[in-house]
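**Student:** The structure's right below; bear with me while I get my questions together.
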Protein chains: 4
Amino acid sequence: MFILITNDDGIHAPGLVALAQELSELGRIVVVAPDRERSATGHSLTLHSPLRAEEVRPHWFAIDGTPTDCVNLGIHGLFRERPALVVSGINRGANMGDDITYSGTVAAAMEATLMGVPAFAVSLALTHGCSEDYRPAARIAARLARTLMTHGLPTDTFFNVNIPPVDDAQIQGIRLTRQGKRIYGDLVIENTDPRGRKYYWIGAGDLDFKDVDGTDFHAVHRGYVSLTPLHLDLTNYRSFDELSRWDIFSSQS
Amino acid sequence: MFILITNDDGIHAPGLVALAQELSELGRIVVVAPDRERSATGHSLTLHSPLRAEEVRPHWFAIDGTPTDCVNLGIHGLFRERPALVVSGINRGANMGDDITYSGTVAAAMEATLMGVPAFAVSLALTHGCSEDYRPAARIAARLARTLMTHGLPTDTFFNVNIPPVDDAQIQGIRLTRQGKRIYGDLVIENTDPRGRKYYWIGAGDLDFKDVDGTDFHAVHRGYVSLTPLHLDLTNYRSFDELSRWDIFSSQS
Amino acid sequence: MFILITNDDGIHAPGLVALAQELSELGRIVVVAPDRERSATGHSLTLHSPLRAEEVRPHWFAIDGTPTDCVNLGIHGLFRERPALVVSGINRGANMGDDITYSGTVAAAMEATLMGVPAFAVSLALTHGCSEDYRPAARIAARLARTLMTHGLPTDTFFNVNIPPVDDAQIQGIRLTRQGKRIYGDLVIENTDPRGRKYYWIGAGDLDFKDVDGTDFHAVHRGYVSLTPLHLDLTNYRSFDELSRWDIFSSQS
Amino acid sequence: MFILITNDDGIHAPGLVALAQELSELGRIVVVAPDRERSATGHSLTLHSPLRAEEVRPHWFAIDGTPTDCVNLGIHGLFRERPALVVSGINRGANMGDDITYSGTVAAAMEATLMGVPAFAVSLALTHGCSEDYRPAARIAARLARTLMTHGLPTDTFFNVNIPPVDDAQIQGIRLTRQGKRIYGDLVIENTDPRGRKYYWIGAGDLDFKDVDGTDFHAVHRGYVSLTPLHLDLTNYRSFDELSRWDIFSSQS
């Protein structure tokens, strides 16, 4: 039995190191993480070329692929045994609201879930100017890992956890939340390179969110850890009533 | 007003060409698609480097990025006007069940939805040995586009459409479905390269699915077009009852 | 017997198309070229991952690699027969002086030479504002190919040919030249991306050259085609006298 | 005044670390090296996208580019001062004969020379089963650096140094050599990936060389360090007599 740890900031990221250190007190850990930053890669899998695993130090494997690749190899390819738990993070920056669809950190937990291994993703909701101390978040992750290993997880479900960037004492508690709603800006920067060719750079724009009670955004901005249970069923069941009246559909008898 | 067309098989793919031809009868079309195949890239955005847009022929733009990048640029960067509709496809092969979390085709429609533009993804459920004729599927896509431009879409919702690889006459109808469930194999191939270094190649394994009534798999395998309404809220609301009893949570009062 | 054609501007480049058309009058041709632009890639070989060959139309193969990869596959991997001649080009822009050490076009001819196949590289010395008509250059390339197939090439030698961007009638003749000397500018542009991270972009700077009689630059700037015979021995023999007096060397007895 | 150190095995390679340690006794050193392995990249420059420099520890910069990019940035972009000397290596494996045209290690020294900075490349000629101890080679590199800073280098010339993989005491001396001649095998491996698509992998083949007195191969295989002075003029002057009689040339008057 071992815990598989990954992230999308790369194997040298301090959030990963802090997480690994804290989880190693729960049992055997193995790190399988991208060899460099792979943020915003979504749930992408490398199918058209092979992958390399370099053991950079004992039980730490750097992969030239995405976080999803790392989890896939960590479950199917690298070891004889399957992990008991996959923990992805600690991400540098929050993964809340619709942003989670882009997140490599969350995708890694998604991949584990698809492969039948319990998982959660954990992110530190850094804001400009706050210190990057991952240790309080790592302690919360360890506590959560312990709980999961006792309780188990609801079927086909994984957790997306976001932690405010404060000391242990300042954390108000953990809240069970739902995925909030982002308001995306529309900044694309257009420019020319040194050779006069035009290029476009997808910008950050002004990112805002709907501050609605019960959401991940709402909890974290009030000093709580947010824990959102996610599943992989994107079906919008609530739209069925309306849509079923459209005349394009055959009867479902 | 124009329709933006993209895909993940690349700008030269026959499914894209057939789709563009059929949709051009509905109004002005613009193609913004990856310069080469980008399947299984998920919802990934290129943030750390700039993108190029090459107009390979009038109103056809090849981008050195992912399908998500294409839609982002097509909405924010390339044109003064926003598209009225985004159609992504026609993908070579089905995008059903959990596979949609990996799909670049589906991610393109997801991106449009996040940016507030109605969208659907369309895939041809090719099987070994069947002919790759995208025209029947393109006609269904055009019919659906017409419907959407009349009805509109439910809030924050987009459609994932899968079409059996048969002639118009053999299609049994369109069904409103939910996302099915994949059963993934676990094949990772381990080998050594010509220089003796080990590598891993994520394999296809044996892909199976749960043949449950009401799902996309079930409909398509019986000759129906499946239309699954998707949204971007991955929250598993049904798990709230069980989870809220866990002792780790603060009261939500 | 066939002629292998490649380039570094990619398989869709007009210079390649013009070259292929003209050479096809001399015998059977096969095109093996990069699937997209790969300029300034030098003599680089893809050793750590596999390559794909897509036959985009009969006898035209697009490779997801460098020009050097294309020639290597075109000689060893793709066909049962070896080519009788490799022609690389027609490059968009000159390859003269020290620039040839960066050039993918020249590197392709270099690779053929290493593999024992006669080769030459051909470039159109475009200047700002001149028309991109590759046909006169293609006719000169065909004439040269004919000559090579009669005369053969000196051992371990290949040709680097640069052609002024003018009509047939305005070309003053062909000159046997030596590699000239570039004077490089030093422009690196420093900037920040939309997320505030610093980046560097290697710029063009002001490129100048020494206008010395007998060099490629000198000939082309006076309306002549330059033909420079190159070999792969970079040893600076003229420095031996001076260096042999240094006291670090053992006697060579 | 500082010494710029780079390589093509990546900033974490033991050969680079050993070199940096030894050269730091001669003066101030700065490392600017690729963030990961970039062997066989030739003299390739990243022109179409920007580069990042991450200071992984004081005065050690990891670049997401080629060795040539590293030297270009190290001379023009990163620092206010130009380096007094560029040393590239210590490469894992020899760079002798025609192989140097592919070598990223040698290309880095080439780039420095083009930019007017004295440079040499140094490689450890590892053979199967020998220990990877870079310290004896690093001591030789330091001794050579000291010599260069006294003597200077012949105009437009740089050194390519190969060192046998033995202890200091077993090194027979340093020889002034010329570039030897490789005999390349022709291995390209053809295979199919897990999805049934064909691929080609450029293989090592059987690499042989001509064991001729005076060459780098000959010296290193007899326990000597080889020092080959290289320049950037690839012109084959010895072919001029023969070629000038060809009837395609205009008179050079």
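**Student:** How would the stretch C:1-65 be classified by its alpha-carbon gyration tensor: rounded, prolate or oblate, with rounded meaning a/c under 1.5 and the a/b versus b/c comparison settling the rest?
**Tutor:** In terms of gyration-tensor shape, prolate.
**Student:** Which percent of Cα-Cα pairs in the stretch B:127-221 sits in each 5 Å bin, short to long?
**Tutor:** Distribution as computed: 2, 10, 14, 16, 16, 13, 9, 7, 6, 4, 2, 0, 0 percent.
**Student:** Quick one: grab the alpha carbon gyration tensor of the stretch D:170-253, order the square roots of its eigenvalues as a ≥ b ≥ c, and give me rounded if a/c is under 1.5, else prolate or oblate depending on whether a/b is larger than b/c.
**Tutor:** Judged from the Cα gyration tensor, the stretch D:170-253 comes out oblate (a/c at least 1.5, b/c at or above a/b).
**Student:** Moving to a separate point now. Let me cross-check D:H59: its accessible surface, 1.4 Å probe, with only protein heavy atoms counted, in Å² to the nearest 10?
**Tutor:** We get 100 Å² for D:H59.
**Student:** Here is a further query. Find the relative contact order for the stretch D:92-220 and round it to a whole percent, using C-alpha pairs within less than 8 Å whose residues are 6+ positions apart.
**Tutor:** Computed over the stretch D:92-220, the figure is 27 percent.
**Student:** Assuming R0 = 51 Å, what is the FRET efficiency of A:A84 and B:F79, from their Cβ-Cβ distance, to the nearest 0.05?
**Tutor:** After rounding, the FRET efficiency stands at 0.50.
**Student:** Assign one of three labels to chain A, namely rounded, prolate or oblate, based on the Cα gyration tensor with a ≥ b ≥ c the square roots of its eigenvalues; rounded applies when a/c is under 1.5, prolate when it is not and a/b is larger than b/c, and oblate otherwise.
**Tutor:** The shape class here is rounded.
**Student:** Contact order normalised by length for chain B, with contacts defined as Cα pairs under 8 Å and 6 or more residues apart; what percent is it?
**Tutor:** Over chain B, the number comes to 17 percent.
**Student:** Still on this structure: Under the rule of -39500 (n - 2.57) per DSSP H run of 4 or more residues, summed and divided by the residues of the protein assembly as shown, what mean residue ellipticity at 222 nm is obtained, to the nearest 500 deg cm²/dmol?
**Tutor:** Estimated from H runs of four or more residues: -6000 deg cm²/dmol.
**Student:** What are the ³J(HN,Hα) couplings of the stretch A:188-196, residue after residue, when phi is run through the Karplus curve with 6.51, -1.76, 1.60 and θ = phi - 60°? Round to Hz, x for glycine and proline.
**Tutor:** In residue order, the calculated couplings are 10, 8, 10, 7, 10, 7, x, 9, x Hz.
**Student:** Strictly over 31 Å apart at the Cα level, which of C:K181/D:K181; C:K210/D:K210; A:K198/C:K198 would you flag in this model?
**Tutor:** Exceeds cut-off: C:K210/D:K210.
**Student:** How much of the DSSP bridge set in the protein assembly as shown is antiparallel, in percent, rounded to the nearest 5?
**Tutor:** Beta bridges within the protein assembly as shown, antiparallel portion: roughly 40 percent.
**Student:** In chain C, which residue puts its Cβ closest to the axis that turns chain C onto chain A, and how many whole Å away is it?
**Tutor:** C:S49, 3
**Student:** Further question on the same structure: Rounded to whole Hz and in sequence order, give me ³J(HN,Hα) for the stretch A:125-131 from the Karplus expression 6.51 cos²θ - 1.76 cosθ + 1.60, θ = phi - 60°, writing x for Gly and Pro.
**Tutor:** 7, 5, 10, 3, x, 7, 6
**Student:** In terms of modelled amide H atoms, which long-range or inter-chain residues lie less than 5 Å from the amide H of A:L230?
**Tutor:** Amide H neighbours of A:L230, under 5 Å, 5+ apart: A:F158, A:F159, A:N160, B:N236.
**Student:** Extent of the stretch C:55-201 along each principal axis, from alpha carbon coordinates, in Å, largest to smallest?
**Tutor:** 58, 41, 32
**Student:** Among the helices of chain A (complete DSSP H runs), which have Cα atoms covering no less than 18 Å along the helix axis and a Kyte-Doolittle mean of at least -0.5?
**Tutor:** Answer set is A:135-151.
**Student:** Hey, any idea what % of chain C's accessible area is carbon plus sulfur with a 1.4 Å probe?
**Tutor:** With neighbouring chains kept in place, the figure for chain C is 46 percent.
**Student:** How high is the relative contact order of the stretch D:148-240? Use alpha-carbon pairs under 8 Å, at least six apart in sequence, and give a whole percent.
**Tutor:** The normalised contact order for the stretch D:148-240 reaches 41 percent.
**Student:** Each label point is 7 Å from the Cα along the Cα-to-Cβ direction; what then is the distance between the points at B:R143 and B:R28, in nm?
**Tutor:** 2.9 nm
**Student:** Using only Cα atoms, what is the ratio of the radius of gyration of the stretch C:1-134 to 2.2 N^0.38 Å?
**Tutor:** For the stretch C:1-134, the normalised Cα radius of gyration is 0.95.
**Student:** Let me ask something else. In nm², what is the average projected area of the convex hull enclosing the Cα atoms of the protein assembly as shown?
**Tutor:** It is 42.0 nm².
**Student:** Still on this structure, I have one more. Please find the FRET efficiency linking D:F2 to C:D208, where r is the Cβ-Cβ separation and R0 is fixed at 30 Å, and quote it to the nearest 0.05.
**Tutor:** 0.60
**Student:** Take every DSSP beta bridge with both residues inside the stretch B:160-253 and express the antiparallel ones as a percent of the total, to the nearest 5.
**Tutor:** For the stretch B:160-253, the DSSP antiparallel bridge percentage is about 70.
**Student:** Write down the percent of antiparallel bridges among all DSSP beta bridges whose residues are both part of chain A, to the nearest 5.
**Tutor:** Antiparallel: roughly 40 percent of the beta bridges in chain A.
**Student:** Measure out, as a whole number of angstrom, how far apart the alpha-carbon centroids of the stretch C:16-52 and the stretch D:42-111 sit.
**Tutor:** What the calculation gives is 27 Å, centre to centre.
**Student:** Any idea what the A:D156 label distances to the other copies are, label 7 Å down the Cα→Cβ vector, nm, shortest first?
**Tutor:** Distances between equivalent label points, in nm: 2.0, 6.7, 7.0.
**Student:** At 1.4 Å probe size, what's the solvent-accessible area of D:R197? Round to the nearest 10 Å².
**Tutor:** Surface accessible to solvent at D:R197 totals approximately 100 Å².
**Student:** Given H placed on each backbone N at 1.01 Å, which residues far from B:V188 in sequence or on other chains put an amide H within less than 5 Å of it?
**Tutor:** The list, which skips near neighbours in sequence, is B:G203.
**Student:** Students often check this: by mean Cβ neighbours within 10 Å, which of A:173-181, C:4-12, D:123-131 ranks highest, and how do the rest follow?
**Tutor:** C:4-12, A:173-181, D:123-131
**Student:** At the nearest 100 Å², what buried accessible area, both sides summed, do you get for D and C when the probe is 1.4 Å?
**Tutor:** 7800 Å²
**Student:** Show the residues, 5+ positions off or on another chain, whose built amide H is closer than 5 Å to the amide H of C:R38.
**Tutor:** Answer set, sorted by chain and number: C:D9, C:G10.
**Student:** Kindly write out, for the stretch B:62-73 in residue order, the coupling ³J(HN,Hα) from the Karplus curve 6.51 cos²θ - 1.76 cosθ + 1.60 (θ = phi - 60°), rounded to whole Hz, with x marking Gly and Pro.
**Tutor:** Running phi through 6.51 cos²θ - 1.76 cosθ + 1.60 with θ = phi - 60° gives 9, 10, 8, x, 7, x, 4, 4, 4, 5, 4, 5 Hz.
**Student:** Is there a simple number for the mean count of other chain Cβ atoms within 10 Å of the Cβ of residues in A:237-246, and what is it?
**Tutor:** Partner Cβ neighbours, averaged per residue: 5.
The values are calculated or read from the model by the stated rules, or taken from the named source; none is laboratory data. It should be emphasised that the depicted structure is a prediction, and the values quoted were computed from it without experimental measurement. Every residue, glycine among them, receives a Cβ derived from its backbone with ideal geometry; neighbour counts consider all protein chains shown. Note: accessible area is taken over every heavy atom of the protein model, side chains too, but ligands, DNA and RNA are not part of it. Shrake-Rupley method; radii C 1.70, N 1.55, O 1.52, S 1.80 Å.
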